[in-house]
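The structure under discussion appears below in the form of structure tokens.
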Amino acid sequence: MAELIVVRHGQASFGAGDAGSYDRLSDLGRQQAVLAGDALRAAGWLPDRLICGTLDRQRETLAAMGFDGVAEEHSGWNEYDFHDLLAVRFGGAVPDPVRDDRKTHFRTLREVILDWQGGGLVGAAETYAQFARRVEAARAFSTDTAAERVLVVSSGGAIGQLVATSLKAPPDQMIALNLQIKNTSMSRFIFAGHRFFLHEFNTTPQFVGPEAAKLLTYS
């Protein structure tokens, strides 16, 4: 069976006040991406198809991984717009602690996503059902191929959704998975025709060892 490895982008600029500012890798994020590419090469895993979403942090991660080939793009691999969801939740005035404090941000985000999945947050730019459909479209696009090794760079929410769907888990497991996913972690799937199975989740061989472990981040 063929393999699909989906990598979360490297560390972005947490706490940035707008989506455009967040959508850039930090210096650490670029270093993480280089290490992820090196880890795959060391394992002898060389992709024969490259895909990412259309976000800059995804493109930058894939480029820094250093594989030859022209990357394809599919917007279904993009993250849900958490800036928009939080703005809708708070009527456009997101409290400073939600923007700037990691613990408060992610606790609030979990509550907001569960509300969104339940049909709340009317007025958001994208419904949860639309998000789920586009992630499935991205999966179908990426696995409709003669390639044996497909590498995708995506984001935590899309990866969480993909994993939850592959396991036929309840929708609320998407955010539970999402919040575990490390920057540049790898989730591996195997596929053939309509068959699609999770093989590994959220692995980080690039961060093995005490020094490399210091580079591990979640946002």
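Values quoted throughout were computed directly from the atomic coordinates according to the rules given, and no laboratory measurement underlies them. Just so we're clear, the structure is a prediction, and the values are computed from it rather than from any experiment. Glycine also receives a Cβ, built like all others from the backbone with ideal geometry; neighbour counts cover every protein chain displayed.
Taking neighbour counts of Cβ atoms within 10 Å as a proxy for exposure, in what order, fewest first, do 1, 186, 174, 65 appear?
Values: 1 13, 186 22, 174 28, 65 25.
By the 10 Å Cβ count, ascending: 1, 186, 65, 174.
May I ask for the percentage of alpha-carbon pairs in the stretch 116-215 that lie more than 20 Å from each other?
44
Roughly speaking, what is the stretch gain from residue 42 to residue 218, that is 0.36 nm per residue apart minus the C-alpha to C-alpha distance, in nm to one decimal?
61.0 nm
Over all distinct Cα pairs, what is the inverse of the mean 1/r for the stretch 43-189, reported as the Kirkwood hydrodynamic radius in Å?
Kirkwood hydrodynamic radius for the stretch 43-189: 16.3 Å.
Determine the sum of side-chain charges near residue 154: Lys and Arg each +1, Asp and Glu each -1, restricted to other residues whose C-beta is under 14 angstrom from that of residue 154.
Net charge around residue 154: 0.
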